[in-house]
Amino acid sequence: MAREITYIAAIMEGIHQEMARDDDVLLIGQSVGGSPEDPFVAAFGPDRVRVTPISETAEIGMAAGAALAGKRPVVDCTMAEFLLVAMDQVVNEANRFHYMSGGRVTAPLVLKAGYGFTAGWAGQHTGSIYGMFMGVPGLKVALPSTPADAKGLMATAIRDDNPVLFLHHYLLTLEAGDVPEGEHLVPFGQAAVVRPGHDVTLVATGWTVHRALEAAEELAAEGVSVEVIDPRTIAPLDVDTILASVERTGRLALVDQATKHASVSAIIAAEVAEAGFASLRAPIVQVTALDAPIAYAKPMEDFVLPDVGKIVAGVRRVVDATVSGHNTAAAR
Amino acid sequence: MTTAVSVDTQVLRDLLATMWRIRAFEERVGALKRADEVHGLIHLSIGGEGVAAAVCRQLRDDDAVYSGHRAHGHAVAKGAPLGRAMAELMGRGGGLCQGMGGSMHLVDVAHGFLGATGVVGGNIPLALGSALAARQQGSDAVAVVFFGDGAVQAGLFTESVNLATLWRLPVLLVCENNGFAEFTPRSAHTTVERVSDVVAPYPLPRQTVDGNEVADVWTAFSGLLARARRGEGPALLECLTHRLRGHYEGDPDRYREAVSAEDRQRKDPILRLQRAGHEAGWLTGSESFESDARAEVEEAVTWARSSPFPSSVPEELR
Amino acid sequence: MDRTAMYRAMVRIREFEERVKRTFAEHPGVIRGHTHLADGAEASIVGSIAAIRPGDHVMATYRCHGYPIALGSDTTAMMAEIYGRANGLCGGYGGSMHLADPERGFLGTSGIVGQSIPQATGAAYAAQVRGAGDVVLCFFGDGASKQGAFHESLNIASLWKLPIVFVMENNSYSVSVRVEQEDANAAAGEPLATKAVAYSMPGVTIDGGDPDLVHTTVAEAVARARAGEGPTLVESLVYRLSAHGNSIAPPGVPLHYPEHEAVTVFGDVAEYEAALRGDPVPRFRGALVTSGALDAATADAIAAEAADEMQRAVDGALAGPDPDPADALRFVVA
Ligand SMILES: Cc1ncc(C[n+]2csc(CCOP(=O)(O)OP(=O)(O)O)c2C)c(N)n1
Ligand SMILES: Cc1ncc(C[n+]2csc(CCOP(=O)(O)OP(=O)(O)O)c2C)c(N)n1
Ligand SMILES: [Mg+2]
Ligand SMILES: [Mg+2]
């Protein structure tokens, strides 16, 4: 049975259900379990749910140690940027252990953090910084865009035997959607085709998925049929679904809230250029944030971010363009 | 000079045997490094065997041990089979980590050696995590983390001390203070000479002992260990040691004075314990600790050499 | 700064913060993101800054409105920054959490807990190298002392005898976590200044609600620092009179200032009311007037002038133009 709940409620429900299912799941962080009335403390006790000092290195390092010792900690890191003070623990410790031990140990832990809070939070709390984690071997990265995926990916993250960075988008926090009530798992590495189409493939993540859908709606009125794909996890990245789509549409546009050189879109563009070149009938277009930090004032914030208008324009460019000599390429 | 009398002679004999196993292992590793059979950056703990032996020989397999870049001795003392440890250093498929970790990343889960790290201090918080897990499992197991004096100036050290103390975690922080971090003396890193003084602000027991006096390390650690097992929380044990070799194998070691023969008698924990044993009469001169250890290490080398190089990624990782 | 000037600065900070807070109700949507107020810490801020001279530097956290006011920054430009206007102190790029006014010695802030401590330590290193006898005041919260950066920085500052004073404003809270829930010293009933022992550095704990005491304490530490005798940790006990910050919500949801966490999280109304009774601003006024150092009429005039000034700040900020959107691409690199 599904019912409507918000994105954030879905995430917390995912954690709650996993904690009920498996006693080894712990929840620690600076904003959890602060009071006895906290629903997690009430349900699971103050040992499994703990408020921590502002010591990210110790918090995440401890999670790694507890994971080695058989627990499945979830660390609520609040904002993605706070991971940066503990970068060693995020990209150079737990994620290496399984490999360096020749498969002898596992470090199942989840780092939950919000990102992309482009709502006047200025330069240090607004980043879409997944690009710096997605290529790190041993680390998985989930970027849910809907409440249902948020719950399902969280449950999968907790059951996964690897460190998982679960990045939820702050601008989606209160967006509501249908979410299955009981156990709900969304597999990693399986993109969702969120809107089928045949003229152009449009890949987006997180908050930009919804902007892409709005753009697709607008373009449909012009007779352009857009297929919108949400990879849902960017490590592992489901390149196959995107390639299959591009094979049908021959055109690819990408939306990303990150700056281009730190984006998922650049990686997908490279994958498609490498493995799907023959399918392409036009150059790939990327609609990403402009190369600047996020300013405080709204006009400047808006200026650098992708929006529906920019996505529509980007898709039109792919649709209108043709690669000269395309037939030769396709025939090869 | 010695306080060895208070520890049972059976224990002391065992510690001597353990120290010889580490010494023989590491001397052989040094030779194999020069012969290019062991690869990568190698840090030997020669001179520090006393700490490894006195701490690890009091632990159980379900107690977690973490270590840093100078980790061979801790792994051996915790029970890692010498052949598999040697094979790991040689990058063989039969190694503790199937050749994927090497010297700075030894792991032996079966004996509770949860791992070494090449990042200075990098796994101190991990030990807290193991301690937290042990407590939640309702067990009286503890976690021990070995680190050098260099790690103490890193932020995560204090983050961890605060948390361990606040949450009364069964974790024992064992610092091997050899007065140097790489080629830099401690005085260039901090105004606080004793690591135990760095944790002075925090309400946890702290003790500094002469790490070359194995019996002292044993006695101090056993007290702190018992507390931790009883659920009375963490402690810091600082062991003053001397690195008898360079920072790494191949280090020209020109930044400090060489150890005189006389000094060596004092700074070598093995020589010291043997002298004490002879004085006290529990060693007769007919013991074969050293030769037994060297023979065992030779066997380990033979075994490691016969282990094939991994041809591909191990099964579990595929 | 004499005592009257200190009082004036305290009143101006309070009035500024009140106007920031009122903006959420009076001009909804004008302030975006997250603001953190200094109300309750005025005595600590002003007493500290009264102890330094031009050429010295100050660094702080996201809770940063008080310092520039005490250093003489233009309050209209500050308010305009918080309103995101082109005439803002930083052109609308930084907002409430990232004020900077280098000409007045305010080198800036970090929104990331603890991270300005090493930066301030670096500024002190620069001062030492410059050799002009300048010092740095480094302000941060109690929570920040749980960051590794605190430990690393205090060790180096002590080792290198850097000219810096670490002023920890202990307001007993990190957002909604009480200090004894996260600090082993606090949990053991010890002051946080105890931590200085680990760096062989003097550490003192003082009533941060008494500007005279803060002034003498920090002045002594500043004198030590100037004399090349190294850093000091001053734990200044304050109570923030507002919630940690305004409410956090996605765009479209109106923002507001909730009640203090003592009430909302811990249901401890008595604690909060006691803090109100100890409010350092009326307390200092009382001390000045009772001792005859200031007459009531002058005190009233100071309050009235501050009210006028901050009204002008609000008006000037509201009238300020929006930044040109394309200016978003300026200053990405220098
Ligand atoms: C975070 C980090 N910084 C620097 C290094 C390089 N490094 C390797 S060993 C070492 C010295 C460590 O000194 P100490 O902790 O005293 O251990 P010791 O070598 O004396 O046993 C350094 C700086 C590192 N591995 N990790
Ligand atoms: C590294 C990091 N972790 C977490 C946060 C979120 N955060 C912002 S302010 C704050 C509380 C800091 O408390 P304290 O240092 O006492 O300063 P106060 O706000 O009380 O002045 C926290 C946890 C952050 N900004 N940076
Ligand atoms: Mg050392
Ligand atoms: Mg505080």
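The values are calculated or read from the model by the stated rules, or taken from the named source; none is laboratory data. These numbers come from a predicted model, not from an experiment. We place every Cβ from the backbone using ideal geometry, glycine too, and count neighbours over all the protein chains shown.
Annotations
- Residues of the range C:188-215 that turn out to be under 18 Å from the mean Cα position of the chain (by Cα), assigned to a helix (DSSP H, G or I) and within 24 Å of C:Gly230 (Cβ to Cβ), as a count: 3
- The set of residues from the range B:72-119 being more than 14 Å from the chain's Cα centre (by Cα) and of a type in the set (Val, Ile, Thr) comprises B:Val109, B:Val119.
- Close pairs from the range C:158-177: first within 19 Å of C:Ala51 (Cα to Cα) and within 14 Å of chain B (Cβ to nearest Cβ), partner of a type outside the set (Val, Ile, Thr) and near ligand 4 (Cβ under 7 Å from one of its atoms), Cβ under 8 Å, at least 6 apart: C:Met168/C:Gly141; C:Met168/C:Asp142
- Any hit, the range B:196-217, residues being out of contact with any helix residue (DSSP H, G or I) (no Cβ under 8 Å at 6 or more places or on another chain), within 11 Å of another protein chain (Cβ to nearest Cβ) and more than 16 Å from ligand 2 (Cβ to nearest atom): yes
Residue-wise test of (1) surrounded by 14 or more Cβ atoms within 10 Å (Cβ to Cβ); (2) out of contact with any Lys or Arg (no Cβ under 6 Å at 6 or more places or on another chain); (3) in a loop (DSSP other than H, G, I, E, B).
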site: C:Val222; (1), (2), (3): yes, yes, no
site: C:Glu235; (1), (2), (3): yes, yes, no
site: C:His244; (1), (2), (3): yes, yes, yes
site: C:Gly252; (1), (2), (3): no, yes, yes
site: C:Val263; (1), (2), (3): yes, yes, no
site: C:Glu271; (1), (2), (3): yes, yes, no
site: C:Ala287; (1), (2), (3): yes, yes, no
site: C:Pro323; (1), (2), (3): yes, yes, yes
site: C:Ala328; (1), (2), (3): yes, yes, no
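- Considering the range A:137-163, the residues that are of a type in the set (Val, Ile, Thr) and over 11 Å from the mean Cα position of the chain (by Cα) include one that is nearest to A:His184 (Cα to Cα), namely A:Thr156.
- Taking the conditions (1) more than 16 Å from ligand 4 (Cβ to nearest atom); (2) in contact with a helix residue (DSSP H, G or I) (Cβ under 9 Å, 6 or more places away or on another chain) in turn, B:Gly148 satisfies each one other than (2).
- Close contacts from the range C:40-56, counting a first residue that is within 14 Å of C:Thr216 (Cβ to Cβ) and a second that is modelled with pLDDT under 95, with Cβ to Cβ under 7 Å and a gap of 6+ residues or different chains, come to C:Ala50/C:Met1.
- Test for B:Ser160: is it of a type in the set (Gly, Ala, Ser), more than 16 Å from ligand 4 (Cβ to nearest atom) and within 24 Å of C:Ala149 (Cα to Cα): yes
- Lone qualifier among A:Ile242, A:Ile234, A:Ile267 - being in a helix (DSSP H, G or I) and in contact (Cβ under 8 Å) with a residue 60 or more places away in the chain: A:Ile267
- Qualifying residue in the range A:278-293 (condition: buried (at least 23 other Cβ atoms within 10 Å of the Cβ), away from every other protein chain (no Cβ under 14 Å), in contact with a Lys or Arg (Cβ under 7 Å, 6 or more places away or on another chain) and in a helix (DSSP H, G or I)): no
- Residues in the range C:82-111 that are in contact (Cβ under 8 Å) with a residue 24 or more places away in the chain and among the charged types (D, E, K, R) were compared, and the one that is nearest to the other protein chains (Cβ to nearest Cβ) is C:Arg85.
- Top-ranked residue in the range B:17-70 [being away from ligand 1 (no atom under 16 Å from the Cβ) and basic (Lys, Arg); ranked as surrounded by the fewest Cβ atoms within 10 Å (Cβ to Cβ)]: B:Arg34
- Complete set of residues in the range A:15-33 that are surrounded by 23 or more Cβ atoms within 10 Å (Cβ to Cβ) and over 25 Å from the mean Cα position of the chain (by Cα): A:Gly33
- Filtering the range C:122-161 to residues that are in contact with a strand residue (DSSP E or B) (Cβ under 6 Å, 6 or more places away or on another chain), closer than 26 Å to C:Val175 by Cα and not small (Gly, Ala, Ser) leaves C:Leu137, C:Cys138, C:Phe139, C:Phe140, C:Asp142.
- Selection count where residues are in contact with a Ser or Thr (Cβ under 8 Å, 6 or more places away or on another chain) and not hydrophobic (A, V, I, L, M, F, W, C), scope the range A:90-127: 8
- Of the criteria (1) of a type in the set (S, T, N, Q); (2) within 13 Å of chain B (Cβ to nearest Cβ); (3) within 13 Å of ligand 4 (Cβ to nearest atom), which one C:Asn185 fails: (3)
Residue-by-condition table, conditions (1) assigned to a helix (DSSP H, G or I); (2) over 17 Å from A:Glu93 (Cβ atoms); (3) in the same structural domain as A:Arg232 (by TED's automatic domain parsing):
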| residue | (1), (2), (3) |
| --- | --- |
| A:Pro137 | no, no, no |
| A:Ser145 | no, yes, no |
| A:Ala150 | yes, yes, no |
| A:Thr156 | yes, yes, no |
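- Verdict on A:Thr201 being buried (at least 20 other Cβ atoms within 10 Å of the Cβ), modelled with pLDDT of 95 or more, of a type in the set (S, T, N, Q) and farther than 30 Å from C:Val30 by Cα: yes
- Residue among C:Ala297, C:Ala249 that is away from ligand 1 (no atom under 16 Å from the Cβ), more than 20 Å from the chain's Cα centre (by Cα), within 13 Å of another protein chain (Cβ to nearest Cβ) and of a type outside the set (D, E, K, R): C:Ala249
- Residues in the range A:212-240 that are farther than 19 Å from A:Gly189 by Cα and crowded, with 24+ Cβ neighbours inside 10 Å: A:Ala212, A:Ala215, A:Ala216, A:Val226.
- Selection from the range C:127-157 of residues that are within 13 Å of ligand 4 (Cβ to nearest atom) and away from every other protein chain (no Cβ under 12 Å): C:Phe139
- Filtered residue count, the range A:161-188, keeping only those that are more than 25 Å from A:Ala66 (Cβ to Cβ) and either in contact with a strand residue (DSSP E or B) (Cβ under 6 Å, 6 or more places away or on another chain) or outside any loop (DSSP other than H, G, I, E, B) (or both): 10
- Tally of residues being more than 7 Å from chain C (Cβ to nearest Cβ), of a type in the set (A, V, I, L, M, F, W, C) and assigned to a helix (DSSP H, G or I) across the range B:144-156: 2
- Those helices (runs of 4 or more DSSP H) of the range A:1-112 in which 3 or more residues are within 9 Å of chain B (Cβ to nearest Cβ) and more than 16 Å from ligand 4 (Cβ to nearest atom) occupy A:56-68, A:94-100.
- Just one of the listed residues (B:Asn212, B:Asn178) is touching an Asp or Glu at 6+ places or on another chain (Cβ under 9 Å) and more than 13 Å from ligand 3 (Cβ to nearest atom), and it is B:Asn212.
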